[in-house]
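J.: Structure provided below as structure tokens; questions to follow.
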Amino acid sequence: MDSKQLPDNWAITKLGVLSNLIRGVSYKKTDASQIKTAIFNIHILRGGNIQDGSIVAGKDEVYVNRELIKKTQFIKKSDVVIVASTGSKKLIGKAGIALQDYNDTAFGAFLMLARANKKINSNYFAYFFLSKFYRDKIRELAGGVNINNIRKEYINDMRFPLPPRIEQDRIVAKADTLMAQVQAMQKSLERIPQLLKDFRQQVLTQAVTGKLTEEWRVGKDLEDWRFSKIEDIADSLSGFAFKSKDFVDSGIQLIRMGNLYNNKLDLTRNPVFLPRELDIKLRNKYTLIKGDILLSLTGTKYKRDYGFAIKVDVEEELLLNQRILALRPRINVDYFLYILKDNIFRDQFFSFETGGVNQGNVGSKAVQSIKVKIPPAIEQNEIVSRVEGLFRTLRQIEEKYETLKLKINGLPQAILQKAFKGELVEQLPTEGDAKELLKEIEKLKKS
């Protein structure tokens, strides 16, 4: 941090001049409990309690007797709790700011506490520990081979930009306002992914029930929709139980359930291969072709975390593993894919679920027996055209959402950087930007 970049009335000092560092509570296993009792009544913070600049509840909380705690080890408002020892370079130095006094909470030996003295605005001091400058510097200083540790001098000797007290107060007030705006915008954006997901499902349902083309059909001499079993409109191929001992470093990739990921065929996830010298009968029978629809048949019982339909959209040779069903439609491939992605089909699919306590399964014969509604070929094509048009618009909204989210998530660091350079003027996206995306979704629904 260069003093030449700071305003004339600012100074560079050291954190140790402005604060006290306090080590965490040491205790034996026999002195602690995972349940709060009359004896074990003081909550001890650990690394997992420090998340995103805050102090949060952990998974396995620990409690000790009050007699083990020094008065200075109880956490006060604006204290900064720091992860001081960990095996992770990403976590070392991670800091959480206390937003209140904690009369029944202290912190463990792998943590450290920085408490501002009366010479400085405690919130200005605390904000520094959320800055990129602090995190980068502490990682550089604390990095070890197997474990990372923060020594007191790493904090005490760290350079700190110090404005006059009145300027500190003004910066904190401005930063608090801007951070609140960022949180409000993040809250507005939270709704958008679920709205897009719900709308995509509504489009699919309207597509496979005929509502999407209801007006389009008027005045046309078309055949009626008909109910057909899956086996009547698609050929099926169940995967083979290839043996892991036959896997090789390169060859023909085997498609496993892990490759049906995030609504696409992902060939980069834990790829495994079989030799090209594989028995020709196996190779011919279980090789996928472009346009096959893959359906996973195993997952967690009652959680509906399988039965996902993915289209093969690559030309390369791929083999099909067990517990995946490949379907080769004899109707419009994309319309067939819509059928399998819609909740009407998925509800029927999971009505056939069997299995033990944790694992759920649906058999290929059950899938083949499911009845679905099929329009004439010309209407299938029209439906696909309309759905793709709506989905293109949805993807454009998703891109705007991702761009805005990225910008908003980067604002806290931009605010802090300017705060500690004396330049706290930041052009923020407004909450209206998030509302505009919501309006676009509503407009799309009405179209």
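The values are calculated or read from the model by the stated rules, or taken from the named source; none is laboratory data. Every value quoted in this text rests on a predicted model; they were computed, and no experiment measured them. Neighbour counts run over all protein chains shown; Cβ positions are idealised from the backbone, glycine included. We work out accessible area using only protein heavy atoms, side chains counted, and drop any ligands, DNA or RNA first. Shrake-Rupley method; radii C 1.70, N 1.55, O 1.52, S 1.80 Å.
J.: Within region 373-388, work out how many residues are open to solvent by less than 20 Å² (accessible area, probe 1.4 Å), part of a helix (DSSP H, G or I) and not β-branched (Val, Ile, Thr).
T.: 2
J.: Sticking with this structure for a sec: Regarding region 399-406, can at least one residue be identified that is buried (at least 19 other Cβ atoms within 10 Å of the Cβ) and assigned to a loop (DSSP other than H, G, I, E, B)?
T.: Checked region 399-406: no residue is buried (at least 19 other Cβ atoms within 10 Å of the Cβ) and assigned to a loop (DSSP other than H, G, I, E, B).
J.: Which of (1) under 30 Å from residue 439 (Cα atoms); (2) surrounded by fewer than 12 Cβ atoms within 10 Å (Cβ to Cβ); (3) at pLDDT 95 or above does residue 227 not meet, given it meets every other one?
T.: Among (1) under 30 Å from residue 439 (Cα atoms); (2) surrounded by fewer than 12 Cβ atoms within 10 Å (Cβ to Cβ); (3) at pLDDT 95 or above, residue 227 violates only (1).
J.: Restricting to region 32-46, and then to whatever is open to solvent by 90 Å² or more (accessible area, probe 1.4 Å) and among the β-branched types (Val, Ile, Thr), can you tell me which residue is farthest from residue 103 (Cα to Cα)?
T.: Only one residue fits best here, namely 35.
J.: Let me ask something else about it. Residues in region 431-439: is at least one open to solvent by 70 Å² or more (accessible area, probe 1.4 Å), under 22 Å from residue 194 (Cβ atoms) and at pLDDT 95 or above?
T.: no
J.: In addition: Taking region 47-86, which residues are open to solvent by 50 Å² or more (accessible area, probe 1.4 Å), farther than 15 Å from residue 104 by Cβ and under 23 Å from the mean Cα position of the chain (by Cα)?
T.: Across region 47-86, the qualifying residues are 51, 52, 56, 59, 60.
J.: Considering only strands (runs of 3 or more DSSP E) fully contained in region 272-372, which possess at least 1 residues that are at negative phi, open to solvent by 30 Å² or more (accessible area, probe 1.4 Å) and touching a strand residue (DSSP E or B) at 6+ places or on another chain (Cβ under 8 Å)?
T.: 272-274, 298-300, 309-311, 324-329, 359-361
J.: Quick check on this structure: which one of 254, 274, 278 is in contact (Cβ under 8 Å) with a residue 24 or more places away in the chain and closer than 30 Å to residue 343 by Cα?
T.: Checking each option against the conditions leaves just 254.
J.: For region 1-119, list the strands (runs of 3 or more DSSP E) that sit wholly inside it and hold at least 2 residues that are among the acidic types (Asp, Glu); which are they?
T.: Where strands (runs of 3 or more DSSP E) fall fully within region 1-119, none carries at least 2 residues being among the acidic types (Asp, Glu).
J.: Now for a separate question. Does any residue of region 333-354 turn out to be of a type in the set (A, V, I, L, M, F, W, C) and over 24 Å from residue 305 (Cα atoms)?
T.: Checking region 333-354: not a single residue is of a type in the set (A, V, I, L, M, F, W, C) and over 24 Å from residue 305 (Cα atoms).
J.: Given the conditions (1) of a type in the set (D, E, K, R); (2) out of contact with any strand residue (DSSP E or B) (no Cβ under 7 Å at 6 or more places or on another chain); (3) in contact (Cβ under 8 Å) with a residue 40 or more places away in the chain, which single one is not true for residue 46?
T.: Status for residue 46: all satisfied but (2).
J.: Here's another thing I want to ask about it. For region 241-271, name all the residues that are open to solvent by 30 Å² or more (accessible area, probe 1.4 Å) and of a type in the set (A, V, I, L, M). Before the answer, list the steps.
T.: Let us first name the residues in region 241-271 that are open to solvent by 30 Å² or more (accessible area, probe 1.4 Å), namely 241, 243-250, 256-258, 261-264, 267-271.
Hits for region 241-271 are 241, 248, 257, 267.
J.: For residue 192, only one of the following conditions fails: (1) under 28 Å from the mean Cα position of the chain (by Cα); (2) open to solvent by less than 50 Å² (accessible area, probe 1.4 Å); (3) at pLDDT 95 or above; (4) not small (Gly, Ala, Ser). What is its number?
T.: Of everything listed in (1) under 28 Å from the mean Cα position of the chain (by Cα); (2) open to solvent by less than 50 Å² (accessible area, probe 1.4 Å); (3) at pLDDT 95 or above; (4) not small (Gly, Ala, Ser), residue 192 misses just condition (3).
J.: Has region 115-125 got any residue that is surrounded by fewer than 12 Cβ atoms within 10 Å (Cβ to Cβ), of a type in the set (A, V, I, L, M) and closer than 30 Å to residue 413 by Cβ?
T.: Checking region 115-125: not a single residue is surrounded by fewer than 12 Cβ atoms within 10 Å (Cβ to Cβ), of a type in the set (A, V, I, L, M) and closer than 30 Å to residue 413 by Cβ.
J.: Filter region 152-175 down to residues that are open to solvent by less than 70 Å² (accessible area, probe 1.4 Å) and free of Cβ contacts under 8 Å to residues at least 60 places away in the same chain and give me whichever is nearest to residue 54 (Cα to Cα). Reasoning before the result, please.
T.: Going through region 152-175, the residues open to solvent by less than 70 Å² (accessible area, probe 1.4 Å) turn out to be 154-156, 158, 160-164, 167-169, 171-173, 175.
Adding the requirement that they be free of Cβ contacts under 8 Å to residues at least 60 places away in the same chain leaves 154, 168-169, 172-173.
On the way: 154: 22, 168: 21, 169: 21, 172: 17, 173: 19 Å.
Restricting to residues being open to solvent by less than 70 Å² (accessible area, probe 1.4 Å) and free of Cβ contacts under 8 Å to residues at least 60 places away in the same chain, the top hit is 172.
J.: Report whether or not residue 389 is in contact with a strand residue (DSSP E or B) (Cβ under 9 Å, 6 or more places away or on another chain) and not aliphatic (A, V, I, L, M).
T.: Taking the combined requirement at face value, the residue does not satisfy it.
J.: Then there is this: Any residue in region 109-130 that's over 24 Å from residue 86 (Cα atoms): show its pairings with residues that are open to solvent by 50 Å² or more (accessible area, probe 1.4 Å) and part of a strand (DSSP E or B) at Cβ separation under 7 Å, as long as the two are six or more apart or on different chains.
T.: 117/20
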